[in-house]
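Below you'll find the structure, written out as structure tokens, and then a few comments.
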Amino acid sequence: MDMRFEPGESPLERDGIAEKTISALRTLYLRDERPWVVAFSGGKDSTLMAQLVCNMLLELGSRASKPVHIVSSDTRVEAPNVEEYLAGAIRRIQAFAEASDLPLFARLVQPEPDEGFWGQLIGKGYPSPTRWFRWCTSKMKIRPMRRHIEEITAHHGSVILLLGSRRSESPERAKRMQGRDLTDAGLNPHHEIPNALAATPIMEWTTDEVWEHLLAHAPPWGGDHRALYDLYRQAEGGECPVILDLSQPSCGGNRFGCWTCTVVKLDKSMQGFIDSGEEWMRPLNAFRDRLKAVRELPAWRMDRRRSGALTERRQGPFTPEKRKLILEELLQLEEKCGKTLINDEELGYIQSVWAREFDLSGRAALDLAQQYGRRANRWESAVTVNIQDEILEELLVDNPLDAELVHSLLRLAYDYHPNLDDYGKKAEFERSICNAVEMSMGTEKDA
Ligand code: SF4
């Protein structure tokens, strides 16, 4: 990442690129009635996009009539300092929207307790994610975001998604962007979200231009971008984007991501934070390393899958004793670093799974939580277990296939199957399969 800029330094931004982008946004906005969804990760690219969109709405004034939703995803296991930053940004954007009377809505979406990291790992005993068993991204990022977008789509019939992708991010990204079929308005149908068209308004911006613009222009929702800049400088990495599909790079590595991420060898952003003085994150990093190590220990794993199938080398979920141990260590970690790392609903969900599977007292998780000053209640919502998902995920453990690719191919099959006899559908189906496979290969390269 190029971090050559300091606030106030001389501009390198191409003349008028911001004005040209705002003008293109205005044309697109006024073109139809479809609401917009701005995918906001809190990183530099989506911050720039949100800022340009807000400026465009301010310029339009009373002509700004159709809704713009700025939507961000919080996995509940974001690095705590990044989570605070993101929640603060969403709050400020919402306050700005209310004060300026614009049709602007900011929202942070989160996974339900039965989709979250701790519910899966401690509740069901799923070993922490790897490249080959990456259950986290679909459950914690894609599903919550899709749900919210589908709610908006259900209300309005269709949406336009604004993504902060840029060609100069990587050669793979440039290639993927090159191969898309665009409509007259420069939109391309989103292959995973029905009735959604995607736009990439800052596609041609360079990284230097993004930083220069942000550092020279305060956001309309107040404050400046200093905190964002400092986060990048500390982490020495890029953000984990709002992930909506397989075309986007995976998280982890040197991107801001979940502090629990075991998909990568080393969490460079966490290491960057620690190296720059955030000492309180050291125990979090050690806990992550332990999660990565214990997943490989046969003694920690059951010999049967959750489906009951016997495995050869104890490759089932974590044993009940180890799930309890991980929960206890997590609660101890909370005390050590003074942050809430698992919420009451998640504790309640874990209890509901344990009670179904092995905990005859029906209180083991609640009692443990109480010992550490937590007052969790049983999870009241109906426990919905998607049997197909569970079977699929267990099959994937023994087969070196990417979980999201398999989900994506299955979804394509469900969507296309009833209409395959329609003219052109078979070719479209084949193209979609090729896209999904290519994107998956790109995704793996990034992991
Ligand atoms: S950062 Fe890691 S743990 Fe979090 S969703 Fe991405 S791959 Fe999964």
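The values are calculated or read from the model by the stated rules, or taken from the named source; none is laboratory data. Computed from a predicted structure; not experimentally measured. Virtual Cβ from ideal backbone geometry, glycine too; neighbours counted across all protein chains shown.
Could you tell me whether any residue of segment 171-180 is at pLDDT 90 or above and touching a strand residue (DSSP E or B) at 6+ places or on another chain (Cβ under 8 Å)? No, every residue in segment 171-180 fails to be at pLDDT 90 or above and touching a strand residue (DSSP E or B) at 6+ places or on another chain (Cβ under 8 Å).
With respect to the conditions (1) modelled with pLDDT of 90 or more; (2) in the same structural domain as VAL37 (by TED's automatic domain parsing), ALA185 lacks only one, and its number is (1). Scanning segment 255-274 for residues that are of a type in the set (D, E, K, R) and under 14 Å from LEU231 (Cβ atoms) turns up ARG255, LYS268.
Go through segment 220-276 and report how many residues are modelled with pLDDT under 85, within 11 Å of the ligand (Cβ to nearest atom) and part of a strand (DSSP E or B). Residues that pass the stated criteria total 1.
Which numbered condition in (1) touching an Asp or Glu at 6+ places or on another chain (Cβ under 9 Å); (2) within 16 Å of the ligand (Cβ to nearest atom); (3) farther than 19 Å from HIS225 by Cα is the only one that GLU115 fails? Going through (1) touching an Asp or Glu at 6+ places or on another chain (Cβ under 9 Å); (2) within 16 Å of the ligand (Cβ to nearest atom); (3) farther than 19 Å from HIS225 by Cα one by one, GLU115 breaks only (1).
Whether any residue in segment 66-85 is among the aliphatic types (A, V, I, L, M), surrounded by fewer than 21 Cβ atoms within 10 Å (Cβ to Cβ) and away from the ligand (no atom under 16 Å from the Cβ) is what I want to check. Please lay out each step first, then the result.
Looking only at segment 66-85, we keep the residues that are among the aliphatic types (A, V, I, L, M), and these are 68, 70-71, 77, 79, 82.
Retained after the next criterion (residues that are surrounded by fewer than 21 Cβ atoms within 10 Å (Cβ to Cβ)): none.
No, every residue in segment 66-85 fails to be among the aliphatic types (A, V, I, L, M), surrounded by fewer than 21 Cβ atoms within 10 Å (Cβ to Cβ) and away from the ligand (no atom under 16 Å from the Cβ).
Has segment 346-363 got at least one residue that is in a helix (DSSP H, G or I), among the hydroxyl-bearing types (Ser, Thr, Tyr) and at pLDDT 85 or above? Yes, because at least one residue in segment 346-363 is in a helix (DSSP H, G or I), among the hydroxyl-bearing types (Ser, Thr, Tyr) and at pLDDT 85 or above. Quick check on LEU108: is it touching a strand residue (DSSP E or B) at 6+ places or on another chain (Cβ under 6 Å) and closer than 30 Å to ARG63 by Cβ? For LEU108, the condition - touching a strand residue (DSSP E or B) at 6+ places or on another chain (Cβ under 6 Å) and closer than 30 Å to ARG63 by Cβ - is met. Looking across segment 128-154, the residues that are touching a residue at least 60 places away in the same chain (Cβ under 8 Å) and more than 16 Å from the ligand (Cβ to nearest atom) come down to HIS148, ILE149, ILE152.
Has segment 281-294 got any residue that is surrounded by 13 or more Cβ atoms within 10 Å (Cβ to Cβ), touching a Cys at 6+ places or on another chain (Cβ under 9 Å), modelled with pLDDT under 90 and under 29 Å from ASN81 (Cβ atoms)? No; the residues of segment 281-294 include none that is surrounded by 13 or more Cβ atoms within 10 Å (Cβ to Cβ), touching a Cys at 6+ places or on another chain (Cβ under 9 Å), modelled with pLDDT under 90 and under 29 Å from ASN81 (Cβ atoms). Residues in segment 41-90 that are more than 23 Å from the chain's Cα centre (by Cα) and either closer than 30 Å to GLN120 by Cα or small (Gly, Ala, Ser) (or both): GLY61, SER62, ALA64, SER65.
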